[in-house]
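Here's the structure, in structure tokens; my notes come after.
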Amino acid sequence: MSQNLAMGKHSSALILALMALLLLLFISACTTVEPQETPSVDPQNSVERVPLRVLAERKGFGIGAAATLGPIRKDENYRRILSEEFNQLVTENEMKFQRLQPEQGRFDFSKADEIVEFARSRDMRVFGHTLVWQRGLADWLKAGDWTREELLELLHDHIDTVVSHYRGKVYAWDVVNEALAPDASLRDLIWLRGIGPEYIDLSFKWAREADPQAHLFYNEYDGSGWGKSAQLKVDALYNLLTGLLERGVPLDGVGLQMHIGLDKPPSYEGLKQTLERLSGLGIEIQITETDIRLGNSSDSLPKKLAQQAKVYGDLIRACLDVERCSGFWFWGVTDRYTWVNGITGTPEDPLIFDRFYQPKPAYDAIARELKKSA
Ligand code: G3I
């Protein structure tokens, strides 16, 4: 009998153990475990989204991203997001002076050509960045002791060769980039010192001669008119553009760069006012080079991401609400490769796709505004 009792005890323990195991299996089947990191894009996820470029194209709007050749060559997720989500590609570095003319008179288009071919094969239009800039210059050019005539010839030759090479393939050029100093005077750079202020007029003239169809832009940072000192910059920008137009310089558009942080972002109203003022010049406008750093405040990450989404939404809405604002670009595709990683040394996550290619709240904000305005 005691043997039966012991056996009975054992079987009940066994049954209990089995039931507990079943319960555990049932609970784990019902529970969705959130992955800590998503190493690559879930293709289903991206299929369900209406891509930004589809939303943008409903109103003929340009939605762009700066891209570089490294990840285009090696990263399938990067390539796919870039071409699925954006209809405009901006060359982040490959069309800068030093890359295209590493030695005097020797042009190397191989890398830039590869990017242009990538974009064209995916029906993306190319925005060429940039013909004339104080940075990105070749060492041979910086080291030379040039006369005015020589500098005129060098600048003309560079613009003519590059723009002619891409005639019909590059839809718009940043002809002159960041010619204004923070104090709103003309920036002290090799072309200003050697040629004088007319280097700006001439650059546009030569670009027009090399490709009469390309849209020619002047691109500037801190030109969106928020904060006290930025008003100085936006006034200087307005005056510079007015002067160019009055002198008959072939200027088609202005780009306003947006490398900003959450600490002092421009407001919707402030930006819209600036855009309306610039619209009065009768030229096209694009919001260019946008990235919004999360900064180092003590706010939680979800809170910062929500703030970032709000600022992204405000900026694109201001552009969408002004008729002459024809495009909006991000300075990069994903937080994985942003240039900001290299300068602040801390994760600033300034873009709309995270390091694992997942769309962030900022992506949803951009999509929402595009949908509303379509
Ligand atoms: O590719 C070389 C690599 O081979 C080399 O080993 C390495 C060593 O420094 O340098 C690499 O090149 C760097 C390049 O970015 C690619 O990462 C350059 O040094 C670095 O100067 C370059 O920085 C770029 C910067 O412009 C200067 O050209 C940034 O990526 C680019 O995002 C930034 O973009 C500018 C816009 O053109 C104009 N407006 C402001 C914006 C941000 O500064």
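Looking only at residues in the range 130-143 that are away from the ligand (no atom under 14 Å from the Cβ) and in contact (Cβ under 8 Å) with a residue 24 or more places away in the chain, the one that is surrounded by the fewest Cβ atoms within 10 Å (Cβ to Cβ) is Trp140. Cβ-Cβ contacts under 8 Å between residues 6 or more apart (or on different chains), taken from a first residue in the range 322-345 that is away from the ligand (no atom under 12 Å from the Cβ) to a second residue that is open to solvent by 70 Å² or more (accessible area, probe 1.4 Å) and among the acidic types (Asp, Glu), are listed as Val322/Glu276. Residues that are part of a helix (DSSP H, G or I) and in contact with an Asp or Glu (Cβ under 7 Å, 6 or more places away or on another chain) within the range 102-131 comprise Lys111, Ala112, Ile115, listed in sequence order. Screening the candidates Asp174, Asp201, Asp235, Asp263 for the property of being within 26 Å of Thr290 (Cα to Cα), of a type in the set (Asp, Glu) and in a helix (DSSP H, G or I) yields one hit, Asp235.
Restricted to the range 294-324, and to residues that are outside any loop (DSSP other than H, G, I, E, B) and among the charged types (D, E, K, R), which residue is surrounded by the fewest Cβ atoms within 10 Å (Cβ to Cβ)? Reasoning before the result, please.
At the first step, the residues of the range 294-324 found to be outside any loop (DSSP other than H, G, I, E, B) are 301-320.
Now restrict to residues that are among the charged types (D, E, K, R): 303-304, 310, 314, 317.
Working: Lys303: 13, Lys304: 19, Lys310: 17, Asp314: 20, Arg317: 20.
Among them, the one singled out is Lys303.
Here is a list: Leu240, Leu216. Which entry is under 19 Å from Ala112 (Cβ atoms) and open to solvent by less than 60 Å² (accessible area, probe 1.4 Å)? From the options Leu240, Leu216, the qualifying one is Leu216. If Tyr171 meets every condition in (1) within 16 Å of the ligand (Cβ to nearest atom); (2) closer than 26 Å to Gly243 by Cα apart from one, which number is that one? It is condition (1) that Tyr171 fails.
Could you please give the count of residues in the range 72-97 that are away from the ligand (no atom under 11 Å from the Cβ) and either outside any strand (DSSP E or B) or free of Cβ contacts under 8 Å to residues at least 40 places away in the same chain (or both)? Residues meeting the conditions: 17.
The set of residues in the range 277-293 being within 18 Å of Lys360 (Cβ to Cβ) and either small (Gly, Ala, Ser) or open to solvent by less than 10 Å² (accessible area, probe 1.4 Å) (or both) consists of Thr290, Asp291, Ile292.
Of the residues making up the range 241-273, those that are among the aliphatic types (A, V, I, L, M), in contact with a helix residue (DSSP H, G or I) (Cβ under 8 Å, 6 or more places away or on another chain) and within 19 Å of His215 (Cβ to Cβ) number 6. Leu281 versus (1) aliphatic (A, V, I, L, M); (2) out of contact with any Leu (no Cβ under 8 Å at 6 or more places or on another chain); (3) assigned to a loop (DSSP other than H, G, I, E, B): which is the lone unmet condition? Status for Leu281: all satisfied but (2).
Quick check: anything in the range 106-114 open to solvent by less than 20 Å² (accessible area, probe 1.4 Å) and either within 14 Å of the ligand (Cβ to nearest atom) or under 20 Å from the mean Cα position of the chain (by Cα) (or both)? Before the answer, list the steps.
Going residue by residue through the range 106-114, those that are open to solvent by less than 20 Å² (accessible area, probe 1.4 Å) are 112.
From the residues that got through so far, the ones that are either within 14 Å of the ligand (Cβ to nearest atom) or under 20 Å from the mean Cα position of the chain (by Cα) (or both) too are 112.
Looking for residues that are open to solvent by less than 20 Å² (accessible area, probe 1.4 Å) and either within 14 Å of the ligand (Cβ to nearest atom) or under 20 Å from the mean Cα position of the chain (by Cα) (or both), one finds at least one in the range 106-114, hence yes.
The values are calculated or read from the model by the stated rules, or taken from the named source; none is laboratory data. The structure displayed is predicted, hence computed values, not measured ones. Cβ sites come from the backbone with ideal geometry, for glycine too, and all protein chains shown count toward neighbours. Calculation scope for accessible area: heavy atoms of the full protein, side chains included, ligands and nucleic acids excluded. Shrake-Rupley method; radii C 1.70, N 1.55, O 1.52, S 1.80 Å.
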